[in-house]
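Colleague: Before we start, here is the structure in question, set down as structure tokens.
The values are calculated or read from the model by the stated rules, or taken from the named source; none is laboratory data. Computed from a prediction, not measured in an experiment: that's the story for all the values here. Positions of Cβ are backbone-derived with ideal geometry, glycine not excepted, and every protein chain shown enters the neighbour counts.
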Amino acid sequence: MSEVRPPEEILWSLMRGALAARALGVVADLGIAKALASGARPVVELARESNTDADTLHRYLRALASDGVFAETEPGVFANTPASELLLRDAWDDFAHLFGGVFHRAAAELDISGEPTFTRLFGHDFWTWLAVNPSERASFDRAMGGGKERKVARLASVEWRDGETVVDVGGGNGTLLVETLRDRPEVHGIVFDLPETDRDQSAFPDHVEFVEGSFFERVPPGDTYVLSAILHDWSDEQASAILQTIRAAAPPGARVVINDAVIEPGNDPSGSKWLDLLMLALLKGRERDERQWRELLEGAGLEVVDVEDGLIQAECR
């Protein structure tokens, strides 16, 4: 039986969440985990290398260490932990940068209106802001490419057919599709996204190509369309428009494979339920439960084949 948390601890954990996100973002941007990769070091050395105030940096690291991110091995000396070591790989540092930076600011202004706060704060919608801030776009693309092993594992259950064309709609830097089809040269892959997407096409194998464009206007013809963490960025109306763009380009029977969360009922801890609020702050997007997914897909003229958390499958009628 799991231990029951005191009610005061529950509320305190929630209230300090904004501080934790900001502190982690600041420290990730300073590259502290990388500076500790070879072992424990005094905070005065870390501060000197990062051109920061030693006392202030100590306070940041001490707070994070109290939750298992870094460890103060002796007074004023810090080391990595398994949690902070994640910042060295798989785009966790980019996630920390975003959640402690632009996401943090947008979430801080979230209200009950149902309207995203991002545009009001930054003067652009989120996607336009990324386009005019290339370094943030690169960080976002790296973050979205992170966790590829988990995403590839989900897509591994899909039967890829010899000779078919798989279009990764909103495929970002191409990491997911390249890894998914790395050992399937008989499958033609297309990474489809906006031209400003940060990518290294020299790393693409011969059977995977990049095609630029907007999924609100068109998508390339294909046999299977993959949407990985795309539709949750958009309202039902906009998500339906994306699906209808796909349906217009796809032959009858083409598959639509969606790598996205399905919110489960009940009160168990759920990152998706918190991510749902972030989507509201940034984009007026949303996470969806099974009923909402079925309504969205069927309303766009697709036949639902299967709905499970992380992998939703449908076919074009």
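Colleague: Quick one: which of Val262, Val257, Val226 is closer than 23 Å to Thr180 by Cβ, in contact with a helix residue (DSSP H, G or I) (Cβ under 6 Å, 6 or more places away or on another chain) and surrounded by 15 or more Cβ atoms within 10 Å (Cβ to Cβ)?
Modeller: Every option except Val262 fails the conditions.
Colleague: From the list Phe99, Phe95, Phe103, exactly one residue is in a helix (DSSP H, G or I), surrounded by 20 or more Cβ atoms within 10 Å (Cβ to Cβ), within 17 Å of the chain's Cα centre (by Cα) and among the aromatic types (Phe, Trp, Tyr). Which is it?
Modeller: Exactly one residue qualifies, and that residue is Phe95.
Colleague: Could you say which residue among Asp206, Asp236 is farther than 24 Å from Glu287 by Cα, in the same structural domain as Leu181 (by TED's automatic domain parsing), surrounded by fewer than 19 Cβ atoms within 10 Å (Cβ to Cβ) and not aromatic (Phe, Trp, Tyr)?
Modeller: Within the list Asp206, Asp236, the selection yields Asp206.
Colleague: Given the conditions (1) surrounded by 13 or more Cβ atoms within 10 Å (Cβ to Cβ); (2) modelled with pLDDT under 95; (3) among the charged types (D, E, K, R), and given that Glu9 satisfies all but one, which numbered condition is not satisfied?
Modeller: (1)
Colleague: OK, next. Spot the failing condition for Pro82; the list is (1) closer than 21 Å to Val26 by Cα; (2) in contact (Cβ under 8 Å) with a residue 24 or more places away in the chain; (3) out of contact with any Leu (no Cβ under 7 Å at 6 or more places or on another chain), and only one is missed.
Modeller: (2)
Colleague: Mind listing whichever residues of the range 27-48 are under 25 Å from Ala143 (Cβ atoms), part of a helix (DSSP H, G or I) and in contact with a Leu (Cβ under 9 Å, 6 or more places away or on another chain)?
Modeller: Val27, Ala28, Leu30, Ile32, Ala33, Lys34, Ala35, Leu46
Colleague: Mind telling me which of the residues Glu298, Glu315 ends up being charged (D, E, K, R), in contact with a strand residue (DSSP E or B) (Cβ under 9 Å, 6 or more places away or on another chain), assigned to a strand (DSSP E or B) and under 17 Å from Ile246 (Cβ atoms)?
Modeller: Testing whether each residue is charged (D, E, K, R), in contact with a strand residue (DSSP E or B) (Cβ under 9 Å, 6 or more places away or on another chain), assigned to a strand (DSSP E or B) and under 17 Å from Ile246 (Cβ atoms) leaves just Glu315.
Colleague: Could we say that Asp260 is over 21 Å from the mean Cα position of the chain (by Cα) and acidic (Asp, Glu) here? Quick ask: steps written out before the conclusion?
Modeller: On the way: over 21 Å from the mean Cα position of the chain (by Cα): no; acidic (Asp, Glu): yes.
Considered against the rule, which asks whether it is over 21 Å from the mean Cα position of the chain (by Cα) and acidic (Asp, Glu), Asp260 comes out as no.
Colleague: Continuing with the same structure: Would you be able to say whether some residue in the range 92-102 is β-branched (Val, Ile, Thr), free of Cβ contacts under 8 Å to residues at least 24 places away in the same chain and over 10 Å from Ala33 (Cβ atoms)?
Modeller: no
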